[in-house]
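The values are calculated or read from the model by the stated rules, or taken from the named source; none is laboratory data. Note that the coordinates shown come from a computational prediction; the quantities given were computed from them, not determined experimentally. Every residue, glycine among them, receives a Cβ derived from its backbone with ideal geometry; neighbour counts consider all protein chains shown.
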Amino acid sequence: MPACGQETRQYTVEITGAGEQRELLNKHLDITRQSDTPMPPEQIDRLVAATPEQIRELLATEGYFSPVIHYTIDNADIPWNVRFDVDPGPRTRIVAVTINFKGGIAEGPLADKARMDRLRRRWRLDPGDVFRQAAWSEAKGDLLKELLTRDYPAATITHSQARIDPASNSATLTVNVDSGPAFTFGELEIQGLTRYSRAMIDQLNPIHPGDSYSQDKLNELQARLEDSGYFRSATATVDIDRSRPQQVPVRLELVENPLKRLSLGGGFSTDTGARVQARWLDRNFLRRDWRLESELRFDRETHLLGGDIYLPAASGGWLPAGWLPSFGARLERTTSGGETDDKLRAGARVASPNRQDEKAWALTFYSDRQRVGDTFLNNRQALYASFTYTKRRLDHPLRPRRGYVASIELGGGPEGLVNEITFTRVVARGLLLQTIAPRWQAVVRGQVGQVFGGSRLTIPADLLFRTGGDQTVRGYGYNTLGVPQDGATVGGPVTAVASVELVRQLPPQWGAAVFVDAGNAADSWRDFKVERGTGVGARWRSPIGPVNVDLAYGHAIRKARLHFSVGYGF
């Protein structure tokens, strides 16, 4: 702050000749960030004199190490004008990279030459690339991460040097890595387990004493326990001590969920309107560590009463260790698109514990009574066996920014006591999140499905397809795209849906989106007609996942519709 009565001046800053680096300089130079603040002339002089060195430092981060900088101060007018003429010069390029290893990966009986060669091949900066400070830091971080997350949690970079030759505008890179010893896991040490059995933990644990250290296995243990529903949080760690790398105990810290809980709640969706529900949860049902989850729900489209029982993970035998069996039943009435279905569903399911590559087998009995208008009645039932494989590769389970989810479901049932005809069913789904430019994200969704050997007269509604709504084809009401019948919309044996969305990230947690959705359901591909919806939306990265508000135009109905949803549809 200038002293009281001290003469001050305002000034403007002009940067010329910096090319594409002008934005970098304008954003980070002290003299540009303080240009709105009047200050004494001698303070302006000090800022001007210090700026060329700041410019050199900023340009060096982008690979310019021999810039030529001239500046002038025009103090004839008010405000003063400070001008910097900047010639960044040629960019520095990498001419050689040397990566040296020592420690367990390079020495002794466990030396792994193939892995060292692979790490060198994966190194991001190659001869001929432009040298940038950010890329140099990221490359070293990625190299170290490859070791820290598997076998070598004590790995360090002992020396790194980027030797710059301004005369030839070249950079020679050297990185020395000490992997430290290879670590192995020991026994599991548990803290915080009081309500549930140790056997439950052991059945879910993918780590065995003597296994090589793997951060992925620690993460999988945490995910399995948190997904089980018994624990609010699970944290698995090991002590990294280079002098004791073998049989390192795995320390598991648990925060348990309560044994029983009654939840009452409500909500709203533009698909199904207002919703009220009650949930009862018993995590030690019949005192056998079985988890009972029951639900009563009412909304505009659905009245539902149902429950599922989840058994502890299998310990081996007829079912692979760690697999999760469950069974349940539900009664449901749905009213959508002019169709009313009274449904009964009961079945059993077993799922693999690995959420990243999840496999699930199920056997389900479906029965429904279909009504369309005041005249059409139809009773349908099916016994359906299915296998579903889901592959998840997301950077965060609730708030993902990149990655993908893909699944395929194969199922069917033979003609017999329950099924009127032999049928099969195939459904494939996919979701891709991809950063395509700074602050730009692409969201791509797709689904295709078909029932072979049956028709909508013989196959229950839950095994047919309809679409439209917040998470499918926006611009249309929930499940209003399908097969027309007597003024209503009913499910059909074939479906396809695709969506492409571009999101511009706005700080701190907001975004703006444009999108195109397309899809429908039909009796056959010959009858299939693509219906489109286009629109714009707002995004908020909330603690419970992406919150989406969209305004979409349904081209077939020539109307706009507001949609609200949480998360990504899949």
Mind checking which residues of the stretch 517-560 are closer than 18 Å to residue 431 by Cβ and either out of contact with any strand residue (DSSP E or B) (no Cβ under 7 Å at 6 or more places or on another chain) or not assigned by TED's automatic domain parsing to the domain that holds residue 504 (or both)? 541
Restricting the stretch 294-313 to residues that are within 29 Å of the chain's Cα centre (by Cα) and touching a residue at least 40 places away in the same chain (Cβ under 8 Å), the one surrounded by the fewest Cβ atoms within 10 Å (Cβ to Cβ) turns out to be 312
Per the list (1) at pLDDT 95 or above; (2) within 31 Å of the chain's Cα centre (by Cα); (3) loosely packed, with under 14 Cβ neighbours inside 10 Å, residue check on residue 267 breaks on (1)
Condition (residue is in contact with a helix residue (DSSP H, G or I) (Cβ under 9 Å, 6 or more places away or on another chain), buried (at least 18 other Cβ atoms within 10 Å of the Cβ) and among the basic types (Lys, Arg)) applied to the stretch 221-228: is it met by at least one residue? yes
Scope the stretch 534-558; condition surrounded by 15 or more Cβ atoms within 10 Å (Cβ to Cβ) and among the hydroxyl-bearing types (Ser, Thr, Tyr); matching residues: 534, 553
Wholly within the stretch 170-247, which strands (runs of 3 or more DSSP E) include no fewer than the required count, namely at least 2 residues that are charged (D, E, K, R)? 185-191
Given the conditions (1) under 18 Å from residue 131 (Cα atoms); (2) without any contact (Cβ under 8 Å) to a residue 60 or more places away in the chain; (3) of a type outside the set (Asp, Glu), report the number of the one that residue 88 does not fulfil. (2)
Any idea which of (1) out of contact with any Gly (no Cβ under 9 Å at 6 or more places or on another chain); (2) part of a loop (DSSP other than H, G, I, E, B); (3) surrounded by 15 or more Cβ atoms within 10 Å (Cβ to Cβ) is the one residue 78 doesn't satisfy? (3)
For the stretch 388-418, enumerate the residues that are of a type in the set (Asp, Glu) and either closer than 19 Å to residue 458 by Cα or loosely packed, with under 14 Cβ neighbours inside 10 Å (or both). 395, 415
Subset of the stretch 142-169, residues touching a Gly at 6+ places or on another chain (Cβ under 8 Å), in a loop (DSSP other than H, G, I, E, B) and surrounded by fewer than 21 Cβ atoms within 10 Å (Cβ to Cβ), comes to 154, 169
Residues satisfying the stated conditions in the stretch 345-354, i.e. buried (at least 16 other Cβ atoms within 10 Å of the Cβ) and either under 17 Å from residue 304 (Cβ atoms) or of a type in the set (Lys, Arg) (or both): 345, 347, 349
